[in-house]
Amino acid sequence: MEKQYKTIGEEAWKNNTEKINAELFIFTYGSLVVQLVKDYEDYTAVNKQLDKMGYNIGVRLVDDMMARTSLERCSGFSATAEVIAKIGFKLFLNVVPTVTNWSADAKEFSLILDDNPLNDFCELPPKAVTDGLWYSNVLCGVIRGALEMMQMQTEVVYVRDVLRGDDVSEIRVKLVRMLDEEVPASDD
Amino acid sequence: MSSTYYFAIVGTNDSPLYETELGVQRDESKYLNQFIVHAALDLVDDAQFMSNACYLKTVDKYNDWNVSAYVTPSNVRLLLLHEVKADDAIKLFFTDCHELYLKTLLNPFYEPNSPIQSQAFDAKVNTLAKRHLL
């Protein structure tokens with residue numbers, strides 16, 4: 001199954017994706033973060049906003065991904081993790097993070113990103129580092145939004161970031177609960 | 001023959017964005033460096049329209065010091081105070097510093113024309129100086 005995910009991801013990247021210039025994307029994201037920093041002046045608030053934005057992106061992005069790759073239901077949470085890493089990230093960022101650090105109850109895992117294209121050229125000012133800015137926090141929101149559309153409520157946070165001096169970037173994904181289909185309120 | 005250099009990056013509004021002393025230091029005229037560079041800015045402005053190139057070679061002399069200049073397309077001046085003449089090495093140094101400056105510009109958190117305070121930048125300038133000048 002793993003090999004299959006990898007090939008599905010690469011095929012989809014090669015054939016079904018329109019590409020844009022990476023630098024345009026990186027600079028747009030960079031000026032977005034800087035503008036948020038200027039507007040809010042509080043790095044925790046900026047993190048929250050980036051997460052919210054990512055959430056909105058994620059709920060839409062997941063349908064786009066399913067349309068392009070025609071995947072079937074995942075057999076379990078570990079399969080979900082593989083799909084996120086090998087297909088999701090590959091399709092939209094052309095990087096494949098490694099899935100590691102599974103918790104004992106298999107409800108948490110880590111995505112290790114060796115190189116995050118959003119980080120190119122960026123250097124955080126010292127204050128941003130001490131006050132806890134997660135530059136690519138939008139990715140956490142995207143994962144959370146996408147999984148919520150797939151009926152899983154999750155908590156996704158950044159734990160390590162190369163921009164803060166760590167050697168790799170690490171995102172921790174925790175499954176809180178599976179959401180049951182809710183019957184919409186009736187009109188009676 | 002001592003190899004001291006004073007390197008400064010001057011922004012478009014004539015305020016220094018970055019300055020550093022490279023090589024062996026002599027105590028006497030540290031404050032003088034800023035004055036010499038500032039005085040040379042007028043000559044740089046004149047010289048930049050004489051030539052199409054970025055590297056303007058030596059534009060000014062003050063007692064023992066020569067001032068060499070490199071003007072980027074966005075009118076940011078890279079200036080070097082030196083005693084020994086070494087046109088080719090200085091040109092390479094300036095070109096590499098220009099690339100470093102470009103990378104700094106690409107950082108979304110950097111405001112153009114603001115002082116460059118990154119220590120990584122400082123370390124890299126020192127490495128370049130060791131490679132080309134010292």
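Taken together, the values in this text are just the output of simple stated rules run on the coordinates, not laboratory data. On a predicted model such as this, the values are computed, not experimentally measured, just so you know. Backbone-built Cβ (ideal geometry, glycine too); neighbour counts: all protein chains shown.
Here are a few things to note about the model shown:
- Built amide H within the under 5 Å cut-off of A:ASP161, gap 5+: A:ASP166, A:GLU170
- A Förster radius of 30 Å, combined with the Cβ-Cβ distance separating B:SER3 from B:ASP45, puts the computed FRET efficiency at roughly 0.60.
- Long-range HN-HN contacts of B:LEU17 with modeled amide H, under 5 Å: B:ILE9, B:VAL10, B:GLY11
- Each peptide in A:65-78, A:92-105 gets a packing score, the mean of other Cβ atoms within 10 Å over its residues, and the list from highest to lowest is A:92-105, A:65-78.
- Here the Karplus curve 6.51 cos²θ - 1.76 cosθ + 1.60, taken at θ = phi - 60°, turns the phi angles of the stretch B:108-118 into couplings of x, 7, 8, 8, x, 6, 9, x, 8, 10, 5 Hz, with x standing for Gly and Pro.
- Normalised alpha carbon radius of gyration of the stretch A:39-78 [divisor 2.2 N^0.38 Å]: 1.70
- Debye-sum result for the stretch A:107-188 in log10 I(q)/I(0), which assumes one identical scatterer on each alpha carbon, at q = 0.13, 0.14, 0.18 Å⁻¹: -0.50, -0.56, -0.79
- Here A:SER78 and A:VAL129 are evaluated by their C-beta separation; at R0 = 56 Å the FRET efficiency comes out at 0.95.
- Rg(Cα) / (2.2 N^0.38 Å) computed for the stretch B:62-131, rounded to two decimals: 1.18
- Point-charge dipole on Cβ atoms (K/R +1, D/E -1) for the protein assembly as shown, about Cα centre, debye to 20: 660 debye
- Compactness of the stretch B:6-134 is given as radius of gyration and Dmax, 13.7, 42 Å, from Cα positions.
- Table column - 3J(HN,Hα) (Hz), the stretch B:78-89, Karplus curve with 6.51, -1.76, 1.60, x for Gly and Pro: 9, 10, 10, 9, 8, 9, 8, 8, 8, 3, 5, 4
- Of interest is the spacing of the C-alpha centroids, which for the stretch A:90-117 and the stretch A:33-77 amounts to 15 Å.
- Under the Debye formula (equal points on every Cα, no solvent term), log10 I(q)/I(0) of the stretch B:22-84 at q = 0.23, 0.24 Å⁻¹: -0.94, -1.01
- Here the protein assembly as shown is treated as a Stokes sphere of Kirkwood radius computed over C-alpha pairs; at 37 °C and 0.692 mPa s its diffusion coefficient rounds to 142 µm²/s.
- Taking θ as phi - 60° and the Karplus parameters 6.51, -1.76 and 1.60, the scalar couplings of the stretch B:35-48 work out to 5, 4, 5, 4, 5, 6, 4, 4, 5, 5, 4, 5, 5, 5 Hz in sequence order, x denoting glycine and proline.
- Calculated over chain A, the projected area of the Cα convex hull averaged across directions stands at 13.0 nm².
- Straight Cα distances below 18 angstrom link A:LYS107 to the lysines A:LYS174, with same-chain residues fewer than 8 positions distant left out.
- Charge dipole (Cα centre; +1 on Lys/Arg Cβ, -1 on Asp/Glu Cβ; no other charges) of chain B amounts to roughly 380 debye.
- Theoretical FRET efficiency, 1/(1+(r/R0)^6), r = Cβ-Cβ of A:ALA22 and B:ASN63, R0 35 Å, to 0.05: 0.10
- On Cα atoms only, tilt of A:137-149 relative to the major axis of chain A in degrees: 20 degrees
- For the stretch A:1-108: rounded, prolate or oblate by the Cα gyration tensor [a/c cutoff 1.5]: oblate
- Judged by the gyration tensor of its Cα atoms, with axes a ≥ b ≥ c, the stretch A:53-119 is oblate; a/c meets the 1.5 cut and b/c is at least as large as a/b.
- Between 0 and 90 degrees, the angle of helix A:43-69 with respect to the longest Cα principal axis of chain A falls at about 40 degrees.
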